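Read the figures in this text as sums done on the coordinates, not as results from a lab. In this text, all values refer to a predicted model and were calculated from it rather than measured experimentally. With ideal geometry, Cβ positions are generated from the backbone for all residues, glycine too; neighbour counts draw on all protein chains shown.
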Amino acid sequence: MKYMVMECHPGYAVVLSDDGNFLKVANMHYEVGQTVADVIEMQYPLPEKKKKSRWIYTIAATAACLALIITSVFRMGHGTAYASVYMRINPEVRIDVTRDDLVVGLDGVNEDGEKLADNYNFTEKKLDQVMDELVDKAADQGYLQEGGRISLTLDADDDEWVVSHSASLKDHLNHHLEERMSVTIEVTNDSYKDNKVTIPVYPDASGYGDDGDSGYGESGYGNSEYD
């Protein structure tokens, strides 16, 4: 950039830059009308009040950034999948949940599962509620009928979560379906498939015959595809 010397004073000069700005620069024995390529722009110390204001703005900006980072980390921790429950009726869906069982994702695993999950709003809902509503929706659409089967596969790195939910989810579905139909519920741990347990669920004792037989005979399902 080139500068034209417009004024000369003891200790400083005023120059005009190529882009039309007037600058106060150190007077290096310039003469008015002289064109120079390099100048030393004069720096003025900030008043004490402005210095304090600058520090206040810096601190405020830093605090705002920290608040944003903390909020983002908090949301990530509460919006990231901690575990997944695969629920298979014939439609199969994957339900992703946080550590406190808030549902953060729902995907159809097969074509019927995509239909079952379509237009379903899981926002701000817990796992129990979502499972209840999806089971009801499957029954209304004819996927789940009397004597049907529900397979639940639990997938999490936390073994304690898997063990506790293996029992609680079974009990919850048992209670939810007891007045509607009898089905077989199969709960599987994705990490320990050898621990698979098949749990027949009946609304009441009338589901059994006089000889104690359930009346359903062999399930006909053989080994689950999750084995």
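Numerical summary
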| read-out | value |
| --- | --- |
| The listed residue being touching a Gly at 6+ places or on another chain (Cβ under 7 Å), surrounded by 17 or more Cβ atoms within 10 Å (Cβ to Cβ) and either in contact (Cβ under 8 Å) with a residue 24 or more places away in the chain or of a type in the set (Gly, Ala, Ser) (or both), out of Val103, Val93 | Val93 |
| Some residue of the range 130-138 being surrounded by fewer than 20 Cβ atoms within 10 Å (Cβ to Cβ), small (Gly, Ala, Ser) and in contact (Cβ under 8 Å) with a residue 24 or more places away in the chain | no |
| Selection count where residues are among the basic types (Lys, Arg) and buried (at least 16 other Cβ atoms within 10 Å of the Cβ), scope the range 1-20 | 0 |
